Structure formats: structure tokens, C-alpha cells
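To start, the structure itself, in C-alpha cells.
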Amino acid sequence: MTRSRSRGEGGYASVEFALTLPAVLLVLTLCLGLLAAAGTQLRAGDAARAAAREAAIGSGSARVSEVVSHLAGPGAQVSVTTRGGFVVAEVTVPLPVLGRWGDFDAHAEAVAVPER
């Protein structure tokens with residue numbers, strides 16, 4: 001014995017798909033944004049460590065900026081200071097989350113002993 005479909009039930013799968021697709025795409029977009037933010041934070045940390053090393057060996061500010069720009073991207077900003085006899089490099093990189101809607105930054109700091 002076979003079941004026959006009622007005429008009123010046709011198209012439910014299409015409606016359910018149309019309703020859940022935007023939610024799935026939103027979750028996927030958020031996950032990709034979080035991955036991009038995590039990658040940017042890692043690059044900021046790498047750039048801060050490299051900047052602290054360059055400043056510790058006495059490289060000029062142009063070389064420090066070049067290294068940071070190479071590792072963290074062209075929008076990265078670096079600040080090198082001395083605290084308690086240590087060289088401290090702070091790097092700030094804009095996060096690519098939410099496109100132009102959000103003003104979020106990844107921030108990293110690294111400390112090195114001067115080699116002078």
C-alpha cells in the first residue's frame with residue numbers, strides 16, 4: 001500500500017530551506033569573521049615581537065615600521081618606548097570584522113632587552 005501525498009503539503013521543503021538559508025549564511029559569515037580576527041591578532045603579536053627585536057638591536061624607526069608593515073599589513077601602527085630599561089613595542093592593527101561598520105583593533109605588546 002502506498003501513501004499518497006496530500007495536496008496541501010507540497011512546497012514545505014522549499015519554504016524551510018528559504019527560511020533557514022539566511023541563518024546559515026549569517027552563522028558562516030560570523031565564523032569567518034572570527035577566524036579573520038584571530039589571524040589578525042596573531043599577526044599583530046608577531047609584528048610586535050619583531051618590532052621589539054629590531055628596536056632592541058638599535059634599528060631606526062623606519063626599519064621598525066617596515067618590519068611591522070610587512071608582518072601585520074599596511075594599516076598597522078607601531079609605538080616603541082622604553083620602560084624600566086626594556087624596549088616595549090606596541091602594535092595596533094585594524095580588524096577586518098564587519099567590514100567598515102565596526103571600529104575594532106587587534107592590539108599586541110612585546111618587550112625586549114636592549115642590546116647596546
Go through region 67-92 and report how many residues are under 20 Å from D103 (Cα atoms) and of a type outside the set (D, E, K, R). 11
All positions within region 52-80 that are over 18 Å from V93 (Cα atoms) and surrounded by 19 or more Cβ atoms within 10 Å (Cβ to Cβ): E54, A55, A56
When both residues are 6+ apart or on different chains and their Cβ atoms are under 6 Å apart, which pairs have a first residue that lies in region 101-115 and is closer than 14 Å to V80 by Cβ and of a type outside the set (S, T, Y), and a second that is assigned to a strand (DSSP E or B) and modelled with pLDDT of 95 or more? A108/V91; E109/E90; A110/A89; V111/F86; V111/V88; A112/V87; P114/V87
Does region 94-116 hold any residues that are touching a helix residue (DSSP H, G or I) at 6+ places or on another chain (Cβ under 9 Å), modelled with pLDDT under 95 and closer than 30 Å to L30 by Cβ, and which are they? P94, L95, P96, V97, L98, F104, D105, A106
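Does R49 fit the bill of being among the basic types (K, R) and either free of Cβ contacts under 8 Å to residues at least 40 places away in the same chain or more than 30 Å from P114 (Cβ to Cβ) (or both)? Let's see the steps before the verdict.
Values: among the basic types (K, R): yes; either free of Cβ contacts under 8 Å to residues at least 40 places away in the same chain or more than 30 Å from P114 (Cβ to Cβ) (or both): no.
The answer is no for R49.
The values are calculated or read from the model by the stated rules, or taken from the named source; none is laboratory data. On a predicted model such as this, the values are computed, not experimentally measured, just so you know. FYI the Cβ positions are ideal-geometry reconstructions off the backbone, even for glycines, and counts take in every protein chain you see.
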